[in-house]
Amino acid sequence: MKKINTLKKNYEFRYVLSKGKYYHGKYITIYIRKNQLNKNIIGIAVNTKLGKAVKRNAVKRLIRENYRLLKENLLLGNSMIFMWNKNVNLNEANFFKIGEEMCSIFRRADVLK
């Protein structure tokens, strides 16, 4: 299984959030910024006020798995941050709804092949 490259440092997150373009959906907001590398790098952020760690990690797993299924169809060279919208309850997280929304956002962002 191939590893997904992730943003880990605070300055990496801040750079993408400040300089990147954002695309808003009902469940997630995606910030996208071109990078110098020939690979996609992702970061996932879920606010601690939305729920306990078990729920937040479950949402992160859903987002990560949907990304894994879509990454073969994405153009390379982007840094992306997926943020869960604070107005949506974590209990509404659904694998298929998140996947459909990610596809539509990637189409709007012009990063699909």
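The values are calculated or read from the model by the stated rules, or taken from the named source; none is laboratory data. A quick note: this is a predicted structure, and the numbers were derived from the prediction, not measured. Don't worry about glycine lacking a Cβ; one is built from the backbone with ideal geometry, like all the others, and counts go over all protein chains shown.
The numbered conditions (1) under 23 Å from Lys2 (Cβ atoms); (2) in contact with a helix residue (DSSP H, G or I) (Cβ under 7 Å, 6 or more places away or on another chain); (3) not in a helix (DSSP H, G or I) are all true for Asn66 except (3). Considered as a group, the residues in region 59-108 that are aromatic (Phe, Trp, Tyr) and buried (at least 16 other Cβ atoms within 10 Å of the Cβ) include one that is nearest to Lys9 (Cα to Cα), and that residue is Phe82.
Looking only at region 47-58, residues that are surrounded by 14 or more Cβ atoms within 10 Å (Cβ to Cβ) and either touching a residue at least 40 places away in the same chain (Cβ under 8 Å) or among the charged types (D, E, K, R) (or both) come to 3 in all. Of the residues making up region 10-55, those that are at pLDDT 95 or above, assigned to a helix (DSSP H, G or I) and in contact with a Phe, Trp or Tyr (Cβ under 8 Å, 6 or more places away or on another chain) are Val16, Leu17. Reported count of residues in region 43-68, each being in contact with a Lys or Arg (Cβ under 9 Å, 6 or more places away or on another chain) and not aliphatic (A, V, I, L, M), is 5.
Determine whether region 39-50 contains at least one residue that is over 14 Å from the mean Cα position of the chain (by Cα), under 19 Å from Asn91 (Cβ atoms) and not hydroxyl-bearing (Ser, Thr, Tyr). Give the derivation first.
Our first condition is that a residue be over 14 Å from the mean Cα position of the chain (by Cα); within region 39-50, this holds for 39, 48-50.
Still in the list and also under 19 Å from Asn91 (Cβ atoms): 48-50.
Still in the list and also not hydroxyl-bearing (Ser, Thr, Tyr): 49-50.
Looking for residues that are over 14 Å from the mean Cα position of the chain (by Cα), under 19 Å from Asn91 (Cβ atoms) and not hydroxyl-bearing (Ser, Thr, Tyr), one finds at least one in region 39-50, hence yes.
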